[in-house]
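I have placed the structure first, in the form of structure tokens, so that the comments after it can refer back to it.
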Amino acid sequence: MRQDFRLIRDTVPIETVARYLMGDPVKKMFRYPGERTPSIKLYPGTRSFHDFGRNVGGDCIRLWSHVRQVDSGQAIREICEEYGIILDQPDRMEIARSIRRQEQEKKRREDEAKSRRKMWLFAVERAKLELQAVENVLETARPLSDEWVFCLNRKQRLEYQLDYLCGVEK
């Protein structure tokens, strides 16, 4: 049983358990379920937590049992079920590698989402700037001149592009 505690404590990141049980942090602290203000702080360097509202702390197993209000044995069983850990499996290092791979894949997906958002913001800002420039030309150009007609068409295309990028349906 002691090996099971050590295996789970060493392989399952406390951040993963906290996000699974309580969602995303607010100002680097987590909310205990049903509370309005965050009171649980994680210490990833020591793989521990402290709940300042209830004066409770410990490792990822203690966090699970604290939030789910179960004993440590039940917490271990639930963690194993959630993360696919088989405790009698002879190659326990494979479990650790599997969890690390899952975490790396999740991080990669998050990084891709951030990158897509960054590219989207850049496209929106570029379109807004060009639209502003075209509107400035429209104000100064002679109506129905070639320049004015070109800018009017370009303005319409940019407005459609911004509507598309921002998900506005007409």
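The values are calculated or read from the model by the stated rules, or taken from the named source; none is laboratory data. Model, not experiment: these values are computed from the prediction. All Cβ positions, glycine included, derive from the backbone under ideal geometry; neighbour counts span all protein chains shown. All accessible areas refer to the heavy atoms of the entire protein, side chains included, with ligands and DNA or RNA removed. Shrake-Rupley method; radii C 1.70, N 1.55, O 1.52, S 1.80 Å.
Brief remarks follow.
- A DSSP coil position with no more than 15 other Cβ atoms inside 10 Å describes the following GluC sites (Glu not before Pro) in segment 77-170: E169.
- Other residues lying with their Cβ under 9 Å from the Cβ of T16 contribute a combined charge of 0, Lys and Arg counting +1, Asp and Glu -1.
- Gap separating the Cα centres of segment 103-123 and segment 14-79, nearest whole Å: 27
- Geometric extent, Cα atoms of segment 78-170 - Rg, Dmax (angstrom): 25.8, 82
- Solvent-accessible area per residue in segment 1-135 equals 66 Å², computed with a 1.4 angstrom probe and all protein chains kept.
- Using a Förster distance of 41 Å, the FRET efficiency for L121-F5 (Cβ separation, nearest 0.05): 0.35
- Local electrostatic count, C151, Cβ distance below 13 Å [Lys/Arg +1, Asp/Glu -1]: -2
- Net charge of neighbours whose Cβ lies under 12 Å from the Cβ of A127, counting Lys and Arg as +1 and Asp and Glu as -1: +1
- Springs join every pair of Cα atoms under 10 Å in this Gaussian network model of the chain, and among Q104, Q74, Q156 the largest mean-square fluctuation is at Q156.
- Computed over segment 1-110, the quotient of the alpha carbon radius of gyration and 2.2 N^0.38 Å is 1.06.
- Between E94 and T140, the contour length at 0.36 nm per residue exceeds the alpha carbon distance by 9.6 nm.
- Shown for the chain: the carbon plus sulfur share of the solvent-accessible area, taken with all protein chains present and a 1.4 angstrom probe, equals 52%.
- The long axis of helix 72-83 is offset from the longest Cα principal axis of the chain by roughly 40 degrees.
- Estimated FRET transfer efficiency when R0 is 41 angstrom, pair E35-Q161 (beta carbons, to 0.05): 0.40
- Per-residue ellipticity at 222 nm computed for the chain from its helices equals -22000 deg cm²/dmol, with DSSP H segments shorter than 4 residues left out and the rest contributing -39,500 (n - 2.57).
- Of the cross-linked pairs K106/K155; K41/K114; K27/K118; K28/K128; K107/K155, those separated by over 29 Å at the C-alpha level are K106/K155; K28/K128; K107/K155.
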